[in-house]
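The values are calculated or read from the model by the stated rules, or taken from the named source; none is laboratory data. On a predicted model such as this, the values are computed, not experimentally measured, just so you know. Every residue, glycine among them, receives a Cβ derived from its backbone with ideal geometry; neighbour counts consider all protein chains shown. Side chains included, ligands, DNA and RNA excluded: accessible areas come from the protein's heavy atoms. Shrake-Rupley method; radii C 1.70, N 1.55, O 1.52, S 1.80 Å.
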Amino acid sequence: MATQTIETERKYDAPPGTVLPDLASLPEAAAESEPEEQTLRARYFDTDDLRLIRHGITLRRRTGGRDAGWHLKLPLGGHSRSEIRLPPGRPAAQVPAELASLVRAFTRGQPLRPVAQISTVRNRRLLLGTAGESLAEVVADDVSAQAMGDAAALSRWHEVEVELTGGGAALLAAADRRLRRSGLSPAARQAKLERALADQLAGADGEKRLAPPTPRTPAADVIMAYARAQVGTLMSFDPLVRRDAPDAVHQMRVATRRLRSMLSSFGQVLRRGECRWLARELKWLGDVLGAARDAEVLDAHLTESLDQVPPELAIGPVAARVRVHFAPVEAAARTAVLEALDSERYLELLDGLDRLLADPPLTPDAGRSAAEVLPHAVRRTRRRLRRRMHRAANAPAGPDRDTALHEARKAAKHARYSAEAVSPAFGKPARRFGQRVKKVQSALGDHHDRVVARAAIREIGMQAHLAGENAFTFGVLYERDACRGDELEDQARHAWHRAAQPRYRRWLR
């Protein structure tokens with residue numbers, strides 16, 4: 001069974017024979033261990049066109065050292081990566097199915113084959129705390145690499161790594177300063193495989209680096225930069241959703257919603273007719289992820305609500321009844337998510353997103369400046385939100401108003417996401433508008449959660465009653481959520497009054 005760790009490290013280029021400075025006097029550290037020499041050999045796997053390493057992912061089988069085995073490393077941002085490990089097993093050219101499935105969104109059916117062999121002679125020492133605990137691992141590596149296949153290039157280099165094993169960010173930052181002062185420079189490439197395959201990766205690191213957008217930047221550049229970021233987020237959370245990592249479903253669902261919102265909000269930049277299929281497929285994926293997320297949130301909400309009920313009001317096996325209700329719901333939703341991610345439909349959606357980024361269906365207005373085009377799109381989402389908030393305020397209390405508030409919530413979400421999409425070009429005014437609308441969306445979202453929760457509470461309460469149990473506690477929970485729903489309705493109305501102030505929309509003129 002796979003195990004998972006979080007790896008946080010910094011890497012430096014080092015000339016041969018580099019002598020490392022004393023690091024025992026760094027914050028938190030009390031001593032250094034005696035150096036230990038290790039010989040590590042690793043075979044790296046990727047597709048023929050190197051899809052994994054192009055996304056910052058490495059997959060290897062390593063022998064030697066304390067962690068021999070299969071290692072799959074996924075970027076988490078900054079200096080951190082998630083490392084998933086399996087035992088080495090017998091030497092084989094085939095990647096374990098458990099790891100291959102985690103990168104299916106990147107490989108899209110392409111076979112994984114050996115692309116490089118890397119040997120490392122490592123000089124390793126530990127930074128220790130006052131109780132002798134390991135805080136960080138400091139290694140000096142002499143690396144020899146051979147690319148495989150037609151481009152069987154040989155390379156050799158030296159590098160230094162500092163990896164946290166128990167220490168904090170302050171220790172890593174202090175080590176960075178000391179190593180830089182000693183003459184080391186941060187490595188241009190963080191993964192050894194990137195350096196080993198530098199010739200094959202040259203010129204294929206993606207888009208050219210663009211200057212920060214401004215209101216004068218072409219509208220298409222602003223919107224497509226946002227699209228690239230959201231596709232990257234969706235892809236990065238795919239393996240984490242498969243691993244059932246905390247909050248992964250939520251983050252992947254949000255990226256899916258943002259992409260769909262972008263396609264519907266910026267019709268002046270992207271031709272809607274040619275994006276209709278993509279929007280429909282994003283809705284499908286969002287609905288599948290949403291079912292899993294909603295079940296998770298509802299279960300957590302009812303469990304937390306029960307914890308707040310005074311003992312004298314918790315009558316009968318209420319907590320057990322809630323668990324019995326949600327366990328199969330969450331299991332079914334989880335199964336549906338995994339089936340969706342393993343489906344050809346999902347892979348076709350990812351291919352469609354790749355085509356969108358590579359060759360977007362731009363309108364004639366897409367080349368005009370962001371200032372000429374994008375505020376109009378955000379204004380349109382704001383007007384829709386204003387109409388729906390007005391409609392909700394005039395709807396009769398009860399199911400009609402709940403429905404109207406839910407529609408207003410969806411409009412607030414679109415307005416918020418449209419502001420987020422253009423905020424790199426318009427700066428603080430767009431961010432402030434987005435933040436104000438987010439408060440409206442959050443209050444309306446919490447209100448909708450209470451509406452859904454009341455329906456679930458009533459259903460579970462009826463099941464308890466029919467089973468001969470006392471359903472009094474479910475009535476308490478129902479009434480609490482009804483009262484909280486009224487408060488959230490007022491909160492949303494107040495948040496909208498704030499967001500509607502002229503100062504938050506002047507930049508839209």
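Structure summary
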| quantity | calculated |
| --- | --- |
| Residue satisfying condition, being in contact with a Leu (Cβ under 8 Å, 6 or more places away or on another chain) and at negative phi, within set His390, His447 | His447 |
| Residues satisfying the stated conditions in segment 58-76, i.e. open to solvent by 50 Å² or more (accessible area, probe 1.4 Å) and either under 20 Å from Val121 (Cβ atoms) or not aliphatic (A, V, I, L, M) (or both) | Thr63, Arg66, Pro75 |
| Filter pass, Leu289 being buried (at least 20 other Cβ atoms within 10 Å of the Cβ), within 18 Å of Leu349 (Cβ to Cβ) and either among the small types (Gly, Ala, Ser) or under 26 Å from the mean Cα position of the chain (by Cα) (or both) | yes |
| Within segment 21-41, considering residues that are of a type outside the set (S, T, N, Q) and out of contact with any strand residue (DSSP E or B) (no Cβ under 8 Å at 6 or more places or on another chain), the one farthest from Leu135 (Cα to Cα) | Pro21 |
| Filtered residue count, segment 1-41, keeping only those that are modelled with pLDDT under 95 and either assigned to a loop (DSSP other than H, G, I, E, B) or of a type in the set (A, V, I, L, M) (or both) | 24 |
| Residue match in segment 233-251 (condition: of a type in the set (Gly, Ala, Ser) and closer than 22 Å to Arg280 by Cβ) | no |
| Enumeration of residues in segment 184-194 that are modelled with pLDDT of 90 or more and either touching a helix residue (DSSP H, G or I) at 6+ places or on another chain (Cβ under 6 Å) or not aliphatic (A, V, I, L, M) (or both) | Ser185, Pro186, Lys192, Leu193, Glu194 |
| Which listed residue is open to solvent by less than 60 Å² (accessible area, probe 1.4 Å) and more than 19 Å from the chain's Cα centre (by Cα), from Glu98, Glu9 | Glu9 |
| Members of segment 292-312 found to be of a type outside the set (S, T, N, Q), exposed (fewer than 13 other Cβ atoms within 10 Å of the Cβ) and over 26 Å from Ala248 (Cβ atoms), listed by number | Pro310, Pro311, Glu312 |
| Hits in segment 351-390 (condition: without any contact (Cβ under 8 Å) to a residue 12 or more places away in the chain and surrounded by 15 or more Cβ atoms within 10 Å (Cβ to Cβ)) | none |
| Enumerated strands (runs of 3 or more DSSP E) restricted to segment 43-106, each holding at least 1 residues that are β-branched (Val, Ile, Thr) and touching a strand residue (DSSP E or B) at 6+ places or on another chain (Cβ under 6 Å) | 58-63, 80-86 |
| Some residue of segment 52-59 being out of contact with any helix residue (DSSP H, G or I) (no Cβ under 8 Å at 6 or more places or on another chain) and not polar (S, T, N, Q) | yes |
| Considering residues of segment 333-350 that are over 18 Å from Thr107 (Cβ atoms) and of a type in the set (D, E, K, R) only, the residue surrounded by the fewest Cβ atoms within 10 Å (Cβ to Cβ) | Glu339 |
| Answer residue from segment 408-459, given it is touching a residue at least 60 places away in the same chain (Cβ under 8 Å) and touching a Phe, Trp or Tyr at 6+ places or on another chain (Cβ under 7 Å) and is farthest from Leu374 (Cα to Cα) among those | Ile457 |
| Boolean, Phe426 is out of contact with any Lys or Arg (no Cβ under 9 Å at 6 or more places or on another chain), among the aromatic types (Phe, Trp, Tyr) and either open to solvent by less than 30 Å² (accessible area, probe 1.4 Å) or modelled with pLDDT of 95 or more (or both) | yes |
| Residues being touching a residue at least 24 places away in the same chain (Cβ under 8 Å), over 25 Å from Ser33 (Cβ atoms) and not β-branched (Val, Ile, Thr) - total across segment 96-151 | 24 |
| Residue list for segment 165-189, restricted to those being assigned to a loop (DSSP other than H, G, I, E, B) and buried (at least 19 other Cβ atoms within 10 Å of the Cβ) | Gly167, Leu184, Ala187 |
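So that you can scan it fast, the table gives a plain yes or no per residue for (1) buried (at least 17 other Cβ atoms within 10 Å of the Cβ); (2) without any contact (Cβ under 8 Å) to a residue 24 or more places away in the chain; (3) more than 21 Å from the chain's Cα centre (by Cα):
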| residue | (1), (2), (3) |
| --- | --- |
| Asp13 | no, no, yes |
| Ser33 | no, no, yes |
| Phe45 | yes, no, yes |
| Arg51 | yes, no, no |
| Gly56 | yes, no, no |
| Pro88 | no, no, yes |
